[in-house]
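Below is one structure, written out as structure tokens; comments come after it.
The values are calculated or read from the model by the stated rules, or taken from the named source; none is laboratory data. Keep in mind that what you see is a predicted model, and the values were worked out from it rather than measured. Virtual Cβ from ideal backbone geometry, glycine too; neighbours counted across all protein chains shown.
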């Protein structure tokens, strides 16, 4: 019975993404601010969370401005990590792999919209994507990066990669370390069994990056951010 409910939820989520993707795409020619575009994505993700009976608890919001200019760096344990952060911050730009852009409607909205596409197969393009992200973040809003590079398979945090911290060095924009607790048990990597529960987001104070100029400083920044997130992260039992 639980599998039937999960499949039904996924079907409804897949159907509802179509009209919101169309709204997002159609808004691009005349809404340069992206308000309608981001509203579409945020509304769809919020509805998806409600449909899956996932509740959200946020701690530390007083440390940041929801509309502020930040690089958001988080751990990554579930497909629901992006929806919960999109529901929390209004103007998140995500960095997504090129393959997702081929998904009808949703992928097209990602490709043509305000998010940042990365071709992981080409190292040179991955570096160019950091330049595009630095330019985008300079225009306001937030860029979201999962520093582990992929979802954990056992709930434990993986080693961090340098991408987010190279972006910080290029842009000089503060990093906000974020821990997402509880998402692993809802939908682990490799599973399609959605288990309704609560997800907790722990927002830590921003870390300035204006003086980051060397590789060694990037690595130290990476270690500092990981320690902050690890301190707020609760590993699943």
Subject >> Residues (loosely packed, with under 14 Cβ neighbours inside 10 Å and either in contact with a strand residue (DSSP E or B) (Cβ under 6 Å, 6 or more places away or on another chain) or assigned to a loop (DSSP other than H, G, I, E, B) (or both)) located in region 199-234 >> reply: 205, 208, 210, 211, 213, 214, 234
**OP:** Would you point out the residue of region 71-90, among those that are more than 21 Å from residue 158 (Cβ to Cβ) and out of contact with any helix residue (DSSP H, G or I) (no Cβ under 7 Å at 6 or more places or on another chain), that is surrounded by the fewest Cβ atoms within 10 Å (Cβ to Cβ)?
**Re:** 88
**OP:** Filter region 169-198 for residues that are outside any helix (DSSP H, G or I), surrounded by 17 or more Cβ atoms within 10 Å (Cβ to Cβ) and touching a helix residue (DSSP H, G or I) at 6+ places or on another chain (Cβ under 6 Å) and give the result.
**Re:** 173, 175, 177, 179, 180, 194
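When region 87-115 is examined, which residues are found to be modelled with pLDDT of 85 or more, touching a strand residue (DSSP E or B) at 6+ places or on another chain (Cβ under 7 Å) and within 25 Å of residue 203 (Cα to Cα)? First the steps, then the outcome.
Kept after step one, since they are modelled with pLDDT of 85 or more, are these residues of region 87-115: 87-94, 99-115.
Applying the additional criterion that residues be touching a strand residue (DSSP E or B) at 6+ places or on another chain (Cβ under 7 Å) yields 87-89, 91-94, 101, 110-111, 114-115.
Once the filter is applied, which keeps residues that are modelled with pLDDT of 85 or more, touching a strand residue (DSSP E or B) at 6+ places or on another chain (Cβ under 7 Å) and within 25 Å of residue 203 (Cα to Cα), region 87-115 yields 87, 88, 89, 91, 92, 93, 94, 114, 115.
Take residue 65 and tell me if it is at pLDDT below 95, over 16 Å from the mean Cα position of the chain (by Cα), more than 21 Å from residue 173 (Cβ to Cβ) and not in a helix (DSSP H, G or I). Lay out the reasoning, then the answer.
Numbers: at pLDDT below 95: yes; over 16 Å from the mean Cα position of the chain (by Cα): yes; more than 21 Å from residue 173 (Cβ to Cβ): no; not in a helix (DSSP H, G or I): yes.
Here the answer is no, as residue 65 does not meet what is asked.
Does any residue of region 51-63 turn out to be within 27 Å of residue 166 (Cβ to Cβ) and in contact (Cβ under 8 Å) with a residue 40 or more places away in the chain? Before the answer, list the steps.
Restricting attention to region 51-63, the residues satisfying the condition of being within 27 Å of residue 166 (Cβ to Cβ) are 60, 63.
Still in the list and also in contact (Cβ under 8 Å) with a residue 40 or more places away in the chain: 60, 63.
Yes, region 51-63 has at least one match.
Going by the conditions given, is residue 166 part of a helix (DSSP H, G or I), modelled with pLDDT under 90 and more than 17 Å from residue 54 (Cβ to Cβ)?
Values: part of a helix (DSSP H, G or I): yes; modelled with pLDDT under 90: yes; more than 17 Å from residue 54 (Cβ to Cβ): yes.
The answer is yes for residue 166.
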